[in-house]
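The values are calculated or read from the model by the stated rules, or taken from the named source; none is laboratory data. These figures come from a predicted structure and were not determined experimentally. All Cβ positions, glycine included, derive from the backbone under ideal geometry; neighbour counts span all protein chains shown.
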Amino acid sequence: MNLSVNDLSSNLELLKKHNPLVHNITNVVVTNVTANALLAIGASPIMAYAKEEMEDIISISDALVLNIGTLTKDIIDVMLLAGKYADKKKIPVIFDPVGAGASGLRNDASKEIVSNIKLAIIRGNESEIANLYGVKLETKGVDSKGHVEDKIGLAKELALKVSSTVCISGKEDIISDGSNVFSVKNGDAALTKMTGAGCISSSVMGAFVAIDKNYAKASLTGAVLIGICGELAALKSKLSGSFQVEFFNNLSSFNSDILHKYAKFEEVCR
């Protein structure tokens, strides 16, 4: 799959043109920053958690993001119900298995979601994706602590196993749809100190899959955009407060010229 910066640039234009509505069932820590990130890039957020309105909300949404960061049994039930309606409507679903491997509840919920919902994208850090695949990797809360020797193989094999596009976030992001593999080297370590950076990335990918059915390209667009905005923010400040402000400023002013100037990605031949 030959993808150029121009291909990603076209997604930026489509997103602003269509202003997709992205339904997020996400965690309480990141609700506000996720909503603001979607608004900044030209999408529209909605956060709805009540099962009584789930069918109505899904019927007007263009994508669904499921994030298990602050999990309860009731939230799992709502996610499964939302996924059922999303499958029926044929809207893409993005799954962020936050903290997979940290507890039995998270592991069981992740397995249930993967088994019962057709997922367009699964995005997580190294330990989350490894644990989802069945490789026990140490976590530190919701952060990755252990390491996988072959991240490319892991992404590719999980993508094939669950028929989804898989994105492993890290110093180098790895994205695979099972056939194609891409490496993204945009980003800055300061992103790891900003609460919700990964969750924002998942929701941004949700905005792009709403307008692009090539899920690998949509994932790639989101990963590159978030990485570049982190890089540019870090050039002005790596202090936690001002870095976040600069990050959102860059999200809201992002355009094709910036993408062409800073994008660092390549297809990996394997």
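How many of the residues making up region 182-223 are closer than 17 Å to residue 8 by Cα and of a type in the set (A, V, I, L, M)? The qualifying residues number 11.
I need a count of the residues in region 78-89 that are touching a helix residue (DSSP H, G or I) at 6+ places or on another chain (Cβ under 7 Å) and within 20 Å of residue 106 (Cα to Cα).
Matching residues across region 78-89 total 6.
Just one of the numbered conditions (1) under 24 Å from residue 33 (Cβ atoms); (2) of a type in the set (D, E, K, R); (3) at pLDDT below 95 is not true of residue 149: (1). Selection over region 193-237 of residues that are free of Cβ contacts under 8 Å to residues at least 24 places away in the same chain and hydroxyl-bearing (Ser, Thr, Tyr) gives a count of 1.
Taken over region 238-268, residues that are of a type in the set (Lys, Arg) and not in a helix (DSSP H, G or I) amount to 2.
Selection of first residues in region 39-53 that are more than 15 Å from residue 211 (Cα to Cα) and of second residues that are exposed (fewer than 15 other Cβ atoms within 10 Å of the Cβ), restricted to Cβ pairs under 6 Å at least 6 apart or on distinct chains, gives the following pairs, ordered by first then second residue: 40/252.
Condition check ((1) surrounded by fewer than 24 Cβ atoms within 10 Å (Cβ to Cβ); (2) not charged (D, E, K, R)) across all residues:
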residue	(1), (2)
165	no, yes
190	yes, yes
193	yes, no
203	no, yes
210	no, yes
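Residue count for region 228-270, restricted to those that are under 30 Å from residue 1 (Cβ atoms), at pLDDT 95 or above and exposed (fewer than 13 other Cβ atoms within 10 Å of the Cβ): 5.
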